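Participant: I'd like to ask you about the structure that follows.
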Amino acid sequence: MDDSAHQEATNGMRALDATFLNDLQAEMSVIAIRNGSDATVDVAFLAYLSKMARFGFFTFGPITIDVRMIEDLVERTGHRRADVAHGHTYADDFVRFTRVLMEEVRRSNRGRVDDLHMLLAFMRCGEGLPGRVFGELGVTVDQVEAFARSGGREAQAALAKLYSPEEAAAYLGVHVQTVRGWIRSGRLPASRLAGQRALRIRAGDLEAVLEPIDVQDVPE
């Protein structure tokens, strides 16, 4: 990548400077150095998902992504550089991504970049792992924007914590087989990750299995 393109990416990120982006750039640097690579759109995608994930999964409305799978793909497919210890540079696909991100911010008429800008820019860029992942998910920008606009309880539910059966058991102080029994009986709602056997339970559904008691039922 030539110096002018690298400067364009640097200037673009500075133009969007905010705490969120500073944290994202720090995470990108860690990933790039760990993998011996430049700052690519794949590295940026992994950094974003890692920051936003709960229990290893990024979830927003119709989108659920296994972050560990993305991490494995970045590690296996990333282009390694021998001199990365001297600092990473911005790859061409990342330069193009910053242009999409800046356009997303302009389109929204909001002055500061936020996590939704980033998500929509990754969906629109059509390159690398973001292009592959969102292509396979079949989720559209319109669907995500509609979900974001809906706000209220639906959007809050999407951002709620997700628990595995083991984590749910620890949270409630019961055996994991008890949790699995509740799931089988329908008492505790759970969802299966697309194409996988792993189960996830929303925090709100865990609260629903707790019920108030009469004070006289409390043992002395």
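Participant: When only C-alpha pairs under 8 Å and at least 6 residues apart count, what is the relative contact order of the stretch 95-142, in percent?
Facilitator: Relative contact order, the stretch 95-142: 32 percent.
Participant: Here is a follow-up. Would you please give the residues with an amide H less than 5 Å from that of GLY126, counting only those at least 5 places away or on a separate chain, with H modeled from the backbone geometry?
Facilitator: For GLY126, whose amide H was placed from the backbone, the distant partners under 5 Å are GLY131.
Participant: Take each of the peptides 132-144, 94-106, average the number of other beta-carbon atoms within 10 Å over its residues, and list them starting from the highest.
Facilitator: Taking the mean over residues of other Cβ atoms within 10 Å, the ranking is 94-106, 132-144.
Participant: Taking every pair of distinct Cα atoms and averaging 1/r, then inverting, what Kirkwood hydrodynamic radius in Å comes out for the stretch 160-208?
Facilitator: 10.7
Participant: Follow-up question, since we're still on this one. What list of ³J(HN,Hα) values in whole Hz, one per residue of the stretch 30-37 in order, does the Karplus curve 6.51 cos²θ - 1.76 cosθ + 1.60 (θ = phi - 60°) give from phi, with Gly and Pro shown as x?
Facilitator: Residue by residue, the stretch 30-37 yields 4, 5, 4, 5, 4, 9, x, 10 Hz.
The numbers here are math on the coordinates, done by the rules we state, and not lab data. Computed from a predicted structure; not experimentally measured. Every residue, glycine among them, receives a Cβ derived from its backbone with ideal geometry; neighbour counts consider all protein chains shown.
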